[in-house]
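Inspection log for the structure reproduced underneath, given as structure tokens.
The values are calculated or read from the model by the stated rules, or taken from the named source; none is laboratory data. Keep in mind the model is a prediction, meaning the values are calculated, not measured. Every residue, glycine among them, receives a Cβ derived from its backbone with ideal geometry; neighbour counts consider all protein chains shown. Just so you know, the surface numbers come from the protein's heavy atoms only, side chains and all, with ligands and any DNA or RNA stripped out. Shrake-Rupley method; radii C 1.70, N 1.55, O 1.52, S 1.80 Å.
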Amino acid sequence: MDEYAIKRERLQRLMAERGVDAILLARAANIAWLSGGKRAYIDTSSEQGVAQLLVTGDGRYVLTNNIEAERLRGEEGFSDWEILADSWYAPGGHLQRLTQGLRLGADGPGPDNVDLSADLIALRAPLTAPEIARYRSLGHDAGAALAAVARRIRPGMTEYAIAGQMAAAAYEIGAVPIVALVACDERLMTIRHPLPTGARLERTAMLVLCARRDGLIANLTRLIHVGPVSEDMQRRVRAVAAIDARAIQATRPGARVSDIFATIQRAYADAGFANEWQHHHQGGACSYNSRDYFATPDSSDVVQAPQAFAWNPSVPGAKSEDTVLITADGYEVLTP
């Protein structure tokens, strides 16, 4: 079965389980998932796409407007879907016609549909073979791109300038930098989600990149330091690396995410930072969102195979993060 056939079969099972006649996908992440990575968005700050995918018992449709239809057909490759375009100023006509009398499921709440948003996130795992190939390619390119930026950074550069180089590097590999965080020196000790500022690098910086290509998202963090590294900084870096390693090793097919979280908590304590896990999320499964869900002590999720995860333990001054692929054979770091 090809990628779409596998995913359509999953959707049909979900339709039968939830008693719906059709499923409407309006979020850009879900559209990318079902379409094999096609871009149905313009504004990257919005979860909603500029098109909707409607899957019925015997059809598949792209519902969009007259602005987007030709781009979606000619550039994004939706030519094997039935594309129906409303006028940009009068949307919804085709959707109303096609779903008349049907019980509709959708990837969000609505007055006339069944909310399947949580079910659809769960359908992303396990990853298909084409998705794994795309993820490996993206991870390799994102890892190399951020490493190249890290090696170019010099004292005196502002966080804005560093973030600009990160964004440029992402676009150069055909990816979109949906998250680009930078913290220099003192900010690295206090801010866990450091939106870039005009602060200038003196000694130490943290670079965080979430890069999206073909719908999939690679998540990674890198630390740089100018000059001799203090023993205290080395201790912090070793601590987060050790916690990350134990989290990855515990992420096995069939493992309960709550058990992995307990391993992470113990690893923090063993590293001498017992309570630091409370000050920032620790990551979780990822694919078409930077995190499909965040792990917590009470998570009910179970690791699938193959599935991608990005753990991100942090302490003041240091953080470790890579995207890894979990398979029946173990783990593979996708962002070396």
In order over the range 106-118: 3J(HN,Hα) from phi, Karplus 6.51/-1.76/1.60, θ = phi - 60°, whole Hz, x for each Gly or Pro, gives 8, 8, x, x, x, x, 10, 9, 8, 6, 10, 4, 5
Kindly provide the GluC sites (Glu not before Pro) of the range 4-72 that DSSP labels as loop, not H, G, I, E or B, and whose Cβ sees at most 15 other Cβ atoms within 10 Å.
47
Search the structure for amide H atoms under 5 Å from the amide H of residue 203, placed 1.01 Å from N in the peptide plane, and list their residues when 5 or more places away or on another chain.
185
Using alpha carbons only, how many angstrom separate the centre of the range 51-78 from the centre of the range 217-255?
42
Per the rule of 0.36 nm per residue minus the C-alpha distance, extending residue 200 to residue 298 adds in nm 31.3 nm
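Report relative contact order for the range 59-123 in percent, whole number only (criteria: Cα-Cα under 8 Å, sequence separation at least 6).
Numbers: 67 pairs, mean separation 15.2, N = 65.
RCO, the range 59-123: 23 percent.
Suppose R0 equals 30 Å; then what is the FRET efficiency for residue 226 and residue 43 from their Cβ-Cβ distance, rounded to the nearest 0.05? Provide the component values of the computation, followed by the final result.
Values: r = 37 Å, r/R0 = 1.25.
After rounding to 0.05, the efficiency reads 0.20.
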Relative contact order for the range 143-290: what percent, with Cα pairs under 8 Å and sequence separation of 6 or more?
19
How many angstrom separate the Cα center of the range 84-135 from the Cα center of the range 1-29?
8
Calc'd 3J(HN,Hα), the range 215-227, phi into Karplus 6.51 cos²θ - 1.76 cosθ + 1.60 (θ = phi - 60°), Hz, glycine/Pro = x, comes to x, 7, 10, 9, 10, 7, 10, 9, 10, 10, 8, 9, x
With Cα coordinates, the longest principal axis of the chain makes an angle with the long axis of helix 3-18, in degrees rounded to 10, of 70
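Please tell me the relative contact order of the chain in percent, rounded to the nearest whole number, where contacts are Cα pairs under 8 Å and at least six residues apart.
Details: 666 pairs, mean separation 47.3, N = 336.
Over the chain, the number comes to 14 percent.
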Which one, (i) 1.27; (ii) 1.01; (iii) 0.96, gives Rg/Rh (Cα atoms, Kirkwood Rh) as derived from the coordinates shown?
(ii)
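Using a probe of 1.4 angstrom, how much of the accessible area of the chain is carbon and sulfur, in percent?
On the way: 7590 of 14940 Å².
Answer for the chain: carbon and sulfur cover 51 percent of the accessible area.
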Taking a crude spin-label model, label points 7 Å out from Cα along the C-beta direction, the residue 100 to residue 193 distance in nm is 4.5
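To the nearest 500 deg cm²/dmol, what mean residue ellipticity at 222 nm is calculated for the chain from DSSP H runs of n ≥ 4 alone, each contributing -39,500 (n - 2.57), summed and divided by the residues? Walk me through the intermediate numbers first.
Working: 10 runs with 120 residues, N = 336.
Here the helix-only value at 222 nm equals -11000 deg cm²/dmol.
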Filtered chymotrypsin sites (Phe, Trp or Tyr not before Pro), the range 83-190: DSSP coil and at most 14 other beta carbons within 10 Å
88, 89
List, in order, the whole-Hz ³J(HN,Hα) value for each residue of the range 133-146 obtained from phi through the Karplus relation with A = 6.51, B = -1.76, C = 1.60 and θ = phi - 60°; use x for Gly and Pro.
4, 5, 5, 4, 5, 4, x, 4, 5, 5, x, 5, 5, 5
